[in-house]
Amino acid sequence: MTRRSTLAVAVAGLLAAGAVGPAFAQKSGGTFKVQHRDNPSSLSIHEEATVSVNMPMMGVFNNLVIFDQQKPLMAPESIVPDLAESWSWDDKKTKLTFKLRQGVKWHDGKPFTAADVKCTFDLLLGKSKDRLRKNPRAIWYHNVEDVTVNGDFEASFVLKRSQPALLSMLASGYSPIYPCHVNAATMRTKPIGTGPFKFVEFKGNESITIVKNPDYFKKGKPYVDRIEFKIISSRSTRTLSFVAKEFDMTFSGDVTIPLLKDVKSQAPDALCDVNAAYVSRNLIVNEKAPPFDNPQVRRAMALAIDRDAFITILTEGQGQKGGAMLPGPEGQWGMPTELMEKMTGYGPDVAKNQAEARKIMSDLGYSADKTLKVKVSTRDIAIYRDPAVILIDQLKKIFIEGELEVVDTSQWHAKVARRDYAVGMNLTGVGADDPDVNFVENYSCKSERNYTQYCNPEVDKLIEQQSSEADLQKRKELVWKIEHMINEDVARPIIYHDRSATCRQPYVKNFVHHQNGIYSNWRFEDVWLDK
């Protein structure tokens with residue numbers, strides 16, 4: 001049986017089983033100690049684009065709906081109520097109405113109402129007097145004409161056209177509801193939510209602390225009294241401290257496949273979930289910066305990539321080749337292998353690809369004696385730096401001499417968003433497994449998160465077309481057409497999709513890690529400690 005078929009069987013088994021493991025009598029109390037890798041630039045989920053914020057802050061908030069925290073895959077069928085009790089579409093599928101829970105309170109005691117739903121999305125849509133400093137996912141909601149309310153406990157999303165994926169976007173951990181009465185600036189430093197945990201403090205470079213909300217509307221939850229996220233910049237130190245049982249859980253996806261052997265050998269009772277994560281390593285090239293404004297240079301760089309080398313070195317063969325969408329078995333939209341291998345740079349003959357790349361660079365006047373010198377920028381954490389080193393080595397084969405430029409983690413997303421780079425090794429995580437999330441956020445002309453400034457009106461038109469398509473197979477075929485186009489345009493060459501592990505001590509109960517994403521399973525309201 002192949003590794004892919006083995007994974008498919010495992011995922012199918014998890015889905016069939018639903019919640020993993022039998023139910024136990026939960027114990028209340030205790031402090032849940034979780035590692036954190038870096039210093040977030042703010043605590044506002046709506047303004048940031050990293051799990052460094054979602055992981056500690058998701059428990060502070062609620063969404064209208066959420067991906068079931070006890071199911072292993074984020075999927076439309078695993079969406080459950082949260083602040084909404086129910087939802088329904090109109091006949092034209094252009095109006096989505098939510099009936100809201102009554103009696104829910106914000107952490108400062110004020111009542112939650114439909115007005116808060118409208119305020120949140122007016123803020124995201126730029127209709128509010130208040131303003132977000134950064135708004136990376138505003139483009140998600142470009143199809144929302146308006147959010148209307150009917151009394152205090154009903155809110156409706158009025159769409160410009162039908163969009164089945166809207167519910168999945170609202171279920172992402174990136175889609176919390178914010179309060180009307182707290183401004184955006186305050187939410188960056190002292191966030192107030194309705195969630196199972198209240199924010200206590202953020203000590204820069206030290207820790208983030210949240211505590212149990214005694215008035216949480218889901219009675220009996222959460223089980224733990226306190227969660228402490230300790231910021232430790234060194235991955236080696238984090239690994240050693242987890243093995244020494246100083247922490248109950250590692251940071252999300254922090255344990256690489258090579259590191260996993262060390263963890264299991266020193267802490268054999270640790271529970272480690274190896275997940276696809278839906279985080280790709282990718283090459284970003286600023287096509288406004290000469291000579292990278294020449295499409296031939298960008299094509300040569302795409303041809304130079306040896307994906308198997310990255311996967312072998314960094315994941316011991318467990319990473320996956322793929323386009324922008326997550327490959328199967330976890331990913332619903334991944335391209336079939338026979339289609340993927342027809343794309344530029346994906347053919348199995350790497351030597352042939354690199355020879356073509358050298359020919360392009362030679363024709364442009366570059367050689368071993370006359371190299372193209374460039375800084376290769378990346379975020380200053382190990383999961384970025386490690387593949388950047390390999391990328392630099394591969395670019396040398398086509399006469400590009402790269403110098404690694406590491407960027408402070410709190411500055412990285414702002415730097416690439418303002419296109420203050422020439423070449424970068426980037427990681428792209430996707431908030432839900434749907435093309436409306438991935439393509440719109442990373443490849444559409446007007447997105448803040450389109451770091452390469454790629455813009456193809458034909459691609460934008462196809463993105464809109466697939467978004468409204470109700471037939472799943474027809475939608476997949478449109479998705480694969482888009483995949484081919486953005487690859488040939490060298491919009492953001494995908495190097496590989498990662499696999500890594502998140503580990504926890506055996507006494508951490510009732511936590512289920514999503515197999516196809518890292519942004520939406522950190523509510524922690526179901527977790528309890530058996531010690």
Selected residue (only one of Ala155, Ala114 is buried (at least 20 other Cβ atoms within 10 Å of the Cβ), aliphatic (A, V, I, L, M) and in contact with a helix residue (DSSP H, G or I) (Cβ under 8 Å, 6 or more places away or on another chain))
Ala155
With the structure loaded, tell me whether Val285 is touching a Lys or Arg at 6+ places or on another chain (Cβ under 6 Å) and either surrounded by 21 or more Cβ atoms within 10 Å (Cβ to Cβ) or of a type outside the set (A, V, I, L, M, F, W, C) (or both) or whether it fails that test.
yes
Which of (1) under 30 Å from Glu246 (Cβ atoms); (2) under 21 Å from the mean Cα position of the chain (by Cα); (3) acidic (Asp, Glu) does Glu316 not meet, given it meets every other one?
(2)
When you scan region 437-467, how many residues do you find that are touching a Pro at 6+ places or on another chain (Cβ under 8 Å) and either crowded, with 23+ Cβ neighbours inside 10 Å or closer than 21 Å to Leu159 by Cα (or both)?
5
Out of curiosity, is Gln411 over 22 Å from Ile257 (Cβ atoms) and assigned to a helix (DSSP H, G or I)?
yes
Exactly one condition in (1) touching a residue at least 60 places away in the same chain (Cβ under 8 Å); (2) more than 27 Å from Ala165 (Cα to Cα); (3) surrounded by fewer than 22 Cβ atoms within 10 Å (Cβ to Cβ) is not met by Leu339; state its number.
(2)
Please count how many residues of region 414-467 are among the charged types (D, E, K, R), in contact with a Phe, Trp or Tyr (Cβ under 8 Å, 6 or more places away or on another chain), closer than 17 Å to Ala324 by Cβ and outside any loop (DSSP other than H, G, I, E, B).
2
Residue identified as of a type in the set (A, V, I, L, M, F, W, C), farther than 30 Å from Trp412 by Cβ and free of Cβ contacts under 8 Å to residues at least 40 places away in the same chain among Val158, Val147:
Val147
Pairing a residue in region 97-112 that is over 20 Å from Ser86 (Cα atoms) with any residue that is of a type outside the set (A, V, I, L, M) and not in a loop (DSSP other than H, G, I, E, B), where Cβ atoms lie under 7 Å and the two sit 6 or more apart in sequence or on different chains, gives His107/Lys198
Return the pair list, or none, for Cβ contacts closer than 9 Å from residues in region 346-373 that are touching a residue at least 12 places away in the same chain (Cβ under 8 Å) to residues that are part of a loop (DSSP other than H, G, I, E, B) and basic (Lys, Arg), at least 6 apart or on different chains.
Tyr346/Lys321
Matching residues in region 417-436 - criterion: being closer than 23 Å to Ser42 by Cα and either modelled with pLDDT under 95 or surrounded by fewer than 22 Cβ atoms within 10 Å (Cβ to Cβ) (or both):
Ala417, Arg418, Arg419, Asp420, Leu427, Thr428, Gly429
What's the number of the only condition in (1) in contact with a strand residue (DSSP E or B) (Cβ under 9 Å, 6 or more places away or on another chain); (2) outside any strand (DSSP E or B) that Lys261 fails to meet?
(1)
One residue from Trp480, Trp522 being more than 30 Å from Met249 (Cα to Cα), modelled with pLDDT of 95 or more and not in a strand (DSSP E or B):
Trp480
Check region 395-405 and report whether any residue there is of a type in the set (A, V, I, L, M), surrounded by fewer than 20 Cβ atoms within 10 Å (Cβ to Cβ) and over 19 Å from the mean Cα position of the chain (by Cα).
yes
For region 95-116, which residues satisfy the criterion of being closer than 15 Å to Tyr178 by Cα and among the β-branched types (Val, Ile, Thr)?
Val104, Thr113
Provide a single number: the residues in region 342-373 that are crowded, with 16+ Cβ neighbours inside 10 Å, in a loop (DSSP other than H, G, I, E, B) and in contact with a helix residue (DSSP H, G or I) (Cβ under 7 Å, 6 or more places away or on another chain).
4
Residue hits (region 469-515; of a type in the set (Gly, Ala, Ser), more than 30 Å from Val224 (Cβ to Cβ) and buried (at least 20 other Cβ atoms within 10 Å of the Cβ)) are Ala491
Among the residues of region 280-335, write down those that are farther than 27 Å from Val479 by Cβ, assigned to a loop (DSSP other than H, G, I, E, B) and in contact with a Pro (Cβ under 8 Å, 6 or more places away or on another chain).
Glu316
Filter region 117-139 down to the residues that are crowded, with 18+ Cβ neighbours inside 10 Å and not in a loop (DSSP other than H, G, I, E, B) and list them by number.
Val117, Lys118, Cys119, Thr120, Phe121, Leu123, Leu124, Ala138, Ile139
Pick out, from region 170-257, the strands (runs of 3 or more DSSP E) lying fully within it that include 3 or more residues that are surrounded by 20 or more Cβ atoms within 10 Å (Cβ to Cβ) and within 24 Å of the chain's Cα centre (by Cα).
197-203, 226-231
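The values are calculated or read from the model by the stated rules, or taken from the named source; none is laboratory data. All values reported here derive from a predicted model rather than from experimental measurement. Reconstructed Cβ throughout: ideal geometry from the backbone, glycine too, with neighbour counts over all protein chains shown.
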